[in-house]
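For reference, the structure discussed in these notes is given below.
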């Protein structure tokens, strides 16, 4: 008699976690250096020194205040600093009053789904997408509808236009994208804005754009990540400091509701209410204060660029086909056989741990997380070469 | 078109937060020392030294590991330490495999409601109760049914027996109780267990007992808090370190599913699934590690006992009627007029900030949080005397 939905989600095995467990066992068997584990998107570079320095400094202060409840939406000083940072770096024009500090991007996305989507309504995501989008949409009683990508792994906006209807409450974009590393271009965002505005007009309802962007600072070659707020008024930014500050375990991020949104007061209230309903009280207090003093800084991300170049060039040279990733720390590689899971099983023979694309909403690809040591990448290339040979590449 | 439930929760004013805002404004006007603010249950004593010492030590270690994702259910070393602590102190007989580390008790309760309650099912709570119980039950699509207390503010178990039916998924108890400070006795728990077992038999379904016990260590005069797991197999403990370690802002607690529960595997899975659906990834990593090394310790709670004695004796001497609180840091005082809100308005004339009992599911009482300075309590007594005089006490 337990709720079927939650029971199923608790019982379902995550392909990534299963693979991680397999990897741990295999490392114990044959030595960690002999397993090439590309399965997990856990930042491999430490947080910038300012984070731990800020915590050490905070520990010298008033302990009661440090560990105290903060307002549900976060410390006002932190919200102001976030708004200033967004306005300085992206001319986002957001106000601290519409920043809601969350326990990471997962919390932010879950809160958006509960606060914006009525039971039975649709949420649209573009494949490939982060698998938990489905969980968050369905937890709110919504239905996740997915749009397959174009050949170049860009969102298929023509297909989106066909999908929108009077029951569509929200569209999620993820830029730079996990798992493909692709950045949503200004051109795509312009068209996306036009399509969504036309649909709002046609169906007489608001369609919210939720922009999930925890990888915003992980971009290479000077590529810019355009801010969706400039292209569409009904946008909510969803951010996490997990990747840019290498703090995934500490759970801190935020939602930013655009200033030009007509019903922004109601939206902020609904998000606040959803936060209550999901059981959030506040994001951890000490980390809010520590991150506040590190805004605008990042971990040393240069290693990710070096890793991207090393792995991308190595694989392309071996004959693999791969979307060129401008950001994030993933390669999304086309599998030389259509069944991604079969390819991953074969890769295991060479101690290569890769994630099949199926959970990301499409077949035929694998995700490689290159937030690993450059040394491991270098040592893995002969294994990839053997795998390529097996497929006659 | 925003979901009405969440919009309403985001727009509704919390009586306690409104009062806190009024208090802040009043303190600015007439000086903080002249306002007697009993409104907020924020621990007033610092965390024990071990917490900040542990954090300082952790900062010296591997930063990547420190701030890394932990498993969704928490670090296994922490879960084992929690199980050991519960088994040593309460002979709880729990296993680390059935401990789920949460972002505090609010997260734990929200997860229990989503994971255990199907839409349309009933959750029973005993007045007076923590107001967010209603939010969590209704967020899950359930209905909160409340049972008024006996004269001595104990749960009315006869009334409970009348309420239970085939649609009842869970019963929540809170011991020691916020706002009354009353502890659920072994005698009450024995009867509660008998009643729930009989109802399970009669209706052919499981009825889960959720025991919300963040104040478990805040007890005085050597009073024991009996562990509900000894009285009823289908019990889930919900705990937070917010009060015992004075860490409310850091969001760390746990759920413990009883070992004797027949469907404990499914229940643990459903709770895990509910955690995913609500947007939790893990409780903050650094705090999990820090608290692990402080298990069994508490803040210096002696000040709360001194405050209780001072305030309880002072008020009773003035003629107020009050349940004798064995635990927590609240007094629940009968108002000399039936309308608790009117009484609180009158108390404001004497700069006394008290919370009316209405939000706790019953009228005719006020809650006084005595996690404040003893000095403030001493200085407030003349104000209470003037208030008592106004009512002819």
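Name the residue that is farthest from the chain's Cα centre (by Cα), counting only residues in segment B:205-223 that are surrounded by fewer than 18 Cβ atoms within 10 Å (Cβ to Cβ) and without any contact (Cβ under 8 Å) to a residue 40 or more places away in the chain. Give the derivation first.
At the first step, the residues of segment B:205-223 found to be surrounded by fewer than 18 Cβ atoms within 10 Å (Cβ to Cβ) are B:205, B:221-223.
With the extra rule that they be without any contact (Cβ under 8 Å) to a residue 40 or more places away in the chain, the set shrinks to B:205, B:222.
Values: B:205: 27, B:222: 20 Å.
Among them, the one singled out is B:205.
Tally the residues that are surrounded by fewer than 24 Cβ atoms within 10 Å (Cβ to Cβ) and touching a helix residue (DSSP H, G or I) at 6+ places or on another chain (Cβ under 7 Å), restricting the search to segment B:95-116. Can you show your working first?
Taking segment B:95-116 as the starting set, the residues that turn out to be surrounded by fewer than 24 Cβ atoms within 10 Å (Cβ to Cβ) are B:95-98.
Now narrow it down to the ones that are touching a helix residue (DSSP H, G or I) at 6+ places or on another chain (Cβ under 7 Å): B:95-96, B:98.
The qualifying residues number 3.
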Within segment B:309-343, can you find the residues that are under 29 Å from residue B:246 (Cα atoms), touching a residue at least 40 places away in the same chain (Cβ under 8 Å) and crowded, with 19+ Cβ neighbours inside 10 Å?
B:311, B:315, B:323, B:325, B:326, B:327, B:328, B:329, B:330, B:331, B:332
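Within segment B:123-143, is there a residue that is in a strand (DSSP E or B), more than 14 Å from the chain's Cα centre (by Cα), closer than 13 Å to residue B:210 by Cα and more than 12 Å from every other protein chain (Cβ to nearest Cβ)? Reasoning before the result, please.
Keep residues of segment B:123-143 that are in a strand (DSSP E or B), which gives B:123-126, B:143.
Keeping just the survivors that are more than 14 Å from the chain's Cα centre (by Cα) gives B:123-124, B:143.
Within this subset, residues satisfying the condition of being closer than 13 Å to residue B:210 by Cα are B:123-124.
Narrowing the set further to residues that are more than 12 Å from every other protein chain (Cβ to nearest Cβ) leaves B:123-124.
There is at least one residue in segment B:123-143 that is in a strand (DSSP E or B), more than 14 Å from the chain's Cα centre (by Cα), closer than 13 Å to residue B:210 by Cα and more than 12 Å from every other protein chain (Cβ to nearest Cβ).
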Looking only at helices (runs of 4 or more DSSP H) that lie completely in segment B:52-116, which have at least 2 residues being at the interface with chain A (Cβ under 8 Å from one of its Cβ atoms) and touching a residue at least 12 places away in the same chain (Cβ under 8 Å)?
B:104-116
When segment A:297-325 is examined, which residues are found to be in contact with a strand residue (DSSP E or B) (Cβ under 7 Å, 6 or more places away or on another chain) and closer than 13 Å to residue A:370 by Cα?
A:311, A:312, A:315, A:325
Hits in segment B:7-44 (condition: farther than 24 Å from residue B:340 by Cα and touching a helix residue (DSSP H, G or I) at 6+ places or on another chain (Cβ under 6 Å)):
B:7, B:10
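Does at least one position in segment B:292-308 carry a residue that is at the interface with chain A (Cβ under 10 Å from one of its Cβ atoms) and surrounded by 19 or more Cβ atoms within 10 Å (Cβ to Cβ)? Break it down into steps so the answer makes sense when it comes.
Narrowing segment B:292-308 to residues at the interface with chain A (Cβ under 10 Å from one of its Cβ atoms): B:299.
Adding the requirement that they be surrounded by 19 or more Cβ atoms within 10 Å (Cβ to Cβ) leaves B:299.
Yes.
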Qualifying residue in segment B:144-151 (condition: modelled with pLDDT under 95, touching a strand residue (DSSP E or B) at 6+ places or on another chain (Cβ under 7 Å) and assigned to a loop (DSSP other than H, G, I, E, B)):
yes
Is it the case that residue A:318 is modelled with pLDDT under 95, more than 19 Å from the chain's Cα centre (by Cα) and more than 30 Å from residue A:46 (Cα to Cα)?
no
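Does residue B:147 satisfy the criteria of being surrounded by fewer than 24 Cβ atoms within 10 Å (Cβ to Cβ) and more than 11 Å from chain A (Cβ to nearest Cβ)?
On the way: surrounded by fewer than 24 Cβ atoms within 10 Å (Cβ to Cβ): yes; more than 11 Å from chain A (Cβ to nearest Cβ): yes.
Here the answer is yes, as residue B:147 does meet what is asked.
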Residue A:260: more than 14 Å from chain B (Cβ to nearest Cβ), modelled with pLDDT under 95 and either over 16 Å from the mean Cα position of the chain (by Cα) or not in a strand (DSSP E or B) (or both), yes or no?
no
Hey, could you check segment B:1-32 for residues that are surrounded by 13 or more Cβ atoms within 10 Å (Cβ to Cβ) and away from chain A (no Cβ under 14 Å) and say which is nearest to residue A:119 (Cα to Cα)?
B:15
Take the conditions without any contact (Cβ under 8 Å) to a residue 24 or more places away in the chain, more than 9 Å from chain A (Cβ to nearest Cβ) and assigned to a loop (DSSP other than H, G, I, E, B) and apply them to residue B:120. Does it pass?
no
Looking at A:265, A:194, which is the one that is within 14 Å of chain B (Cβ to nearest Cβ), farther than 27 Å from residue B:103 by Cα and not in a loop (DSSP other than H, G, I, E, B)?
A:265
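Out of the residues in segment A:202-234 meeting the condition of being outside any loop (DSSP other than H, G, I, E, B) and more than 14 Å from chain B (Cβ to nearest Cβ), tell me which one is farthest from residue B:65 (Cα to Cα). So that I can check it myself, show each step before the final result.
Taking segment A:202-234 as the starting set, the residues that turn out to be outside any loop (DSSP other than H, G, I, E, B) are A:202-203, A:208-212, A:219, A:228-230.
Next, only the ones that are more than 14 Å from chain B (Cβ to nearest Cβ) stay: A:202, A:209, A:211, A:219, A:228-230.
Numbers: A:202: 51, A:209: 34, A:211: 29, A:219: 24, A:228: 33, A:229: 35, A:230: 37 Å.
Here the answer is A:202.
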Take residue A:140 and tell me if it is in contact with a strand residue (DSSP E or B) (Cβ under 9 Å, 6 or more places away or on another chain), at pLDDT 95 or above and within 22 Å of residue A:282 (Cα to Cα).
yes
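Looking at segment A:346-365, is at least one residue assigned to a helix (DSSP H, G or I), in contact with a strand residue (DSSP E or B) (Cβ under 8 Å, 6 or more places away or on another chain) and closer than 27 Å to residue A:145 by Cβ?
Narrowing segment A:346-365 to residues assigned to a helix (DSSP H, G or I): A:346-348, A:357-360.
Next cut, in contact with a strand residue (DSSP E or B) (Cβ under 8 Å, 6 or more places away or on another chain) only: A:347, A:357, A:360.
Imposing the further condition that a residue be closer than 27 Å to residue A:145 by Cβ reduces the set to A:357, A:360.
Looking through segment A:346-365, at least one residue is assigned to a helix (DSSP H, G or I), in contact with a strand residue (DSSP E or B) (Cβ under 8 Å, 6 or more places away or on another chain) and closer than 27 Å to residue A:145 by Cβ.
I need the full set of residues from segment B:354-379 which are crowded, with 23+ Cβ neighbours inside 10 Å and in contact (Cβ under 8 Å) with a residue 40 or more places away in the chain, in order please.
Going residue by residue through segment B:354-379, those that are crowded, with 23+ Cβ neighbours inside 10 Å are B:354-357, B:360, B:365-370.
B:354, B:355, B:356, B:357, B:360, B:365, B:367, B:368, B:369, B:370, listed by residue number.
Criterion first (surrounded by 16 or more Cβ atoms within 10 Å (Cβ to Cβ), under 24 Å from the mean Cα position of the chain (by Cα) and within 7 Å of another protein chain (Cβ to nearest Cβ)) does residue A:39 satisfy it? First the steps, then the outcome.
Numbers: surrounded by 16 or more Cβ atoms within 10 Å (Cβ to Cβ): yes; under 24 Å from the mean Cα position of the chain (by Cα): yes; within 7 Å of another protein chain (Cβ to nearest Cβ): no.
In short, no.
Only one residue in A:271, A:245, A:255, A:237 is modelled with pLDDT of 95 or more, at the interface with chain B (Cβ under 8 Å from one of its Cβ atoms) and surrounded by 21 or more Cβ atoms within 10 Å (Cβ to Cβ), so which one is that? Give the steps one after another, and end with the answer.
Details: A:245 fails: at the interface with chain B (Cβ under 8 Å from one of its Cβ atoms); A:255 fails: at the interface with chain B (Cβ under 8 Å from one of its Cβ atoms); A:237 fails: at the interface with chain B (Cβ under 8 Å from one of its Cβ atoms).
After ruling out the rest, the residue left standing is A:271.
The values are calculated or read from the model by the stated rules, or taken from the named source; none is laboratory data. Just so it is clear, the model here is predicted, and its values are computed rather than measured. Because the Cβ atoms are built from the backbone with ideal geometry, glycine has one as well, and the counts that use them run over all protein chains shown.
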